[in-house]
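Student: Please read through the structure below; I'll follow up with questions.
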Amino acid sequence: MFGKKKVIKQYDKNNWKPVLKCSICTGEQVAGFKDIHTGKFEEVMLIKNSRDMDAFMRIYDVTDISKEY
């Protein structure tokens, strides 16, 4: 009867692109958005497993994400 509502948060798709920052040393991954004009990265959430990644992509309605090391 009462299911979870699909919550989609908005971001400026014209100025920001979704990025997965990966550490070469520790393997830590952080999902966030990078300003395409300045290169500034804004962290949104720590990605510990595929469930976290799926949640990030679902919350922000992201279909493609690039990795940066």
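The values are calculated or read from the model by the stated rules, or taken from the named source; none is laboratory data. What you see is a predicted model, and the numbers here were worked out from it, not measured in a lab. Note: areas computed on protein heavy atoms with side chains; ligands, DNA, RNA excluded. Shrake-Rupley method; radii C 1.70, N 1.55, O 1.52, S 1.80 Å.
Student: Going by accessible area, probe 1.4 Å, with all protein chains left in place, what is the ranking of VAL7, VAL30, largest first? Please report the intermediate quantities before stating the final value.
Tutor: Values: VAL7 90, VAL30 20 Å².
Ranked list, largest accessible area first: VAL7, VAL30.
Student: Can you pull the percent of the chain's accessible area that's carbon plus sulfur, 1.4 Å probe, other chains left in place? Could you put the intermediate results ahead of the total?
Tutor: Working: 2690 of 5430 Å².
Answer for the chain is 50 percent, counting heavy atoms of protein chains only.
Student: Once you keep just the Cα pairs under 8 angstrom separated by 6 or more residues, what percentage relative contact order results for the chain?
Tutor: Working: 98 pairs, mean separation 24.3, N = 69.
The normalised contact order for the chain reaches 35 percent.
Student: Treat the chain as a sphere of radius equal to its Kirkwood radius over Cα pairs and apply Stokes-Einstein at 37 °C in a medium of 0.692 mPa s; give the translational diffusion coefficient in µm²/s, rounded to a whole number.
Tutor: Working: Rh = 12.9 Å.
Answer, rounded: 255 µm²/s.
Student: On a 0 to 90° scale, report how tilted helix 50-59 is relative to the longest principal axis of the chain, with both axes built from alpha carbons and the result rounded to the nearest 10.
Tutor: In the chain, helix 50-59 runs at an angle near 70 degrees to the longest axis.
Student: On a full-extension model of 0.36 nm per residue, what is the gain between MET57 and LYS13, subtracting their alpha-carbon distance, rounded to one decimal in nm?
Tutor: Details: separation 44, 0.36 × 44 = 15.84 nm, distance 1.39 nm.
Result for the pair: 14.5 nm of gain on full extension.
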